[in-house]
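Taking it in order: structure first as structure tokens, then the write-up.
Read-outs throughout are calculated quantities, based only on the coordinates presented, and are distinct from any laboratory measurement. As the structure is a prediction and not an experimental result, all values here were calculated from the model. Cβ coordinates were reconstructed from backbone atoms using ideal geometry, including for glycine residues, and neighbour counts include every protein chain displayed.
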Amino acid sequence: MVPESFGDFGHYRGNALAEIATHTPQFAGRQACAECHEEVVNAMANATRKVPGCETCHGPSATHVRLIDDEDVFPPWDPSPNQWCVTCHATDPSRPEAFPQVDFNLHEKKSGKTCIQCHDPHKHRLEKKK
Amino acid sequence: MRKAVNKLTRRSFLKLATRWISAGTLLVTGLMAPLRSRAKDKALAALPKGYKPTAHEWCMSIDIEKCIGCGRCGVACKAENDVPKEPYFFRTWVERYFVWGTGKKTLVDSPNGGIDGFPENRDGRGADKSFYVPKMCNHCEHSPCEQVCPVGATFRSPDGVVLVDKDYCIGCRFCVQACPYGCRFINPETMTADKCTMCYHRITKGLLPACAEVCPTGARMFGDLKDAKSPIHAFLAKNKVQVLKPHLRTHPRVFYAGLDKEVK
């Protein structure tokens, strides 16, 4: 009646630990990105925005890492055509004041350009794109 | 004179019986011990290579002052853990608080768990302070959900993660009611209890939990209390940290810095 491995670590099935651990990760982690995209990861490390991981903007990329030798490489999501910067940098009174926020309607109207035409998302936030 | 040597008196019987019983018990436990440890080794061997659950004590810290309410954690969690896409099923979510005065009025909202961002809330206009609070399973040391589980399907692993054995869960919903933090739900696909696993499949492989991996401001920090090199120690030492509902004595393993008293 007692299932196998019950009570190995406590009042539960010890094998449950390994079973839960078999789930496949969807996010590869930034170390995996650095293996091929070293220059971008290094640029990020020297920028003021050190913290965002690659997959914060590019989406879950474990499949991309797994199928890298495949001809049909699953591309990570490209955030540039979308208004992606708004997700974090739009003005919001609930956000911490120190966090850089901008009124996108005003900012874009004034400059007549999209964010990444001037700001390089992989570099220092004030550094203008060449 | 009576010869009492070979006669079985009550005293000699009790003496003999005690000796045999204790010898027998020692023998049986002695024989069982290697079997037990072999079973344990088998359960350990099935884990990712070289991972020892007893060598870790996982915990998470959340810095409220850094959270911008982008909801990337909730999105990543859903993608990573196949959390049902319909609304209102979350392993982690973000709440927005509006507080007037010294707590005379508090408004909390979390539209779709914050995963689609937070549209402006007109009711929150004029609030004296407003902030975001990410929520998740607190992986309590004395977890109420574990205590009420009638079948031992919910447990706290040796590395300090509260997990659900979905093959063993009978879906009785006791744990959903017991959790004081509202962190559990019944998965509509498996009809078993579901909750944050601290991405157990990732941390056992040396990766960060998905929410901590994608957090753009570093508001979420994941660490190991048993590892002296883990950055969590510096965070806990340098910040004034608090846990949710400390009066319940659940001893959560999710530590908040900059927590407001209105956050429940």
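Here are the numbers for this structure:
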{"quantity": "Distance from region B:172-222 to region B:8-24 (C-alpha centre basis), Å", "calculated": "56"}
{"quantity": "Charge context of B:Val148, other residues only, Cβ under 14 angstrom, K/R +1, D/E -1", "calculated": "+3"}
{"quantity": "Computed over the protein assembly as shown, Cα set: Rg, Dmax in Å", "calculated": "26.8, 123"}
{"quantity": "Theoretical gain in end-to-end length, B:Thr54 to B:His251 [0.36 nm per residue, Cα-Cα removed]", "calculated": "69.0 nm"}
{"quantity": "Exposure proxy order (Cβ contacts within 10 Å, fewest to most) of B:Glu57, A:Glu39, A:Glu108", "calculated": "A:Glu39, A:Glu108, B:Glu57"}
{"quantity": "Rounded D (µm²/s) - region B:164-264, Kirkwood Rh over Cα pairs, Stokes-Einstein at 10 °C, 1.306 mPa s", "calculated": "100"}
{"quantity": "Inter-label distance for A:Val86 and A:Val40, nm, one decimal - labels placed 7 Å from Cα along Cα-to-Cβ", "calculated": "2.3"}
{"quantity": "Structure-based [θ]222 nm, chain B - -39500 (n - 2.57) summed over DSSP H runs of at least 4, per residue, nearest 500", "calculated": "-8000 deg cm²/dmol"}
{"quantity": "Sum of -39500 (n - 2.57) over DSSP H runs of 4+, divided by residues of chain A (222 nm, nearest 500)", "calculated": "-8500 deg cm²/dmol"}
{"quantity": "Where Rh is the Kirkwood radius over Cα pairs, Rg/Rh for region B:144-214", "calculated": "0.98"}
{"quantity": "Prolate/oblate/rounded call for region B:50-99, Cα gyration tensor, a/c under 1.5 rounded", "calculated": "oblate"}
{"quantity": "Taking B:Glu95, A:Glu97 and counting other C-beta atoms within 10 Å, the order from fewest to most", "calculated": "A:Glu97, B:Glu95"}
{"quantity": "Cut-off under 5 Å, modelled amide H: who pairs with B:Phe255 long-range", "calculated": "B:Met60, B:Ser61, B:Ile62"}
{"quantity": "Residues B:Arg91, B:Arg125, B:Arg253 arranged by fewest to most Cβ contacts within 10 Å", "calculated": "B:Arg125, B:Arg253, B:Arg91"}
{"quantity": "A:Glu97 paired with B:Glu65, simple spin-label distance in nm, labels 7 Å along Cα-to-beta-carbon", "calculated": "1.3"}
{"quantity": "Shielding of B:155-161 by partner chains, average beta-carbon count, 10 Å", "calculated": "4"}
{"quantity": "Average projection area in nm² (convex hull over Cα atoms of region B:74-115, one quarter of hull surface)", "calculated": "3.1"}
{"quantity": "0 to 90° range, to nearest 10: angle between helix B:10-45 axis and chain B longest Cα axis", "calculated": "40"}
{"quantity": "Per-pair calculated FRET efficiency, R0 = 30 Å: B:Val243 and A:Ile68 via Cβ, rounded to 0.05", "calculated": "0.10"}
{"quantity": "P(r) weight above 22 Å for region B:24-129, C-alpha pairs, percent", "calculated": "60"}
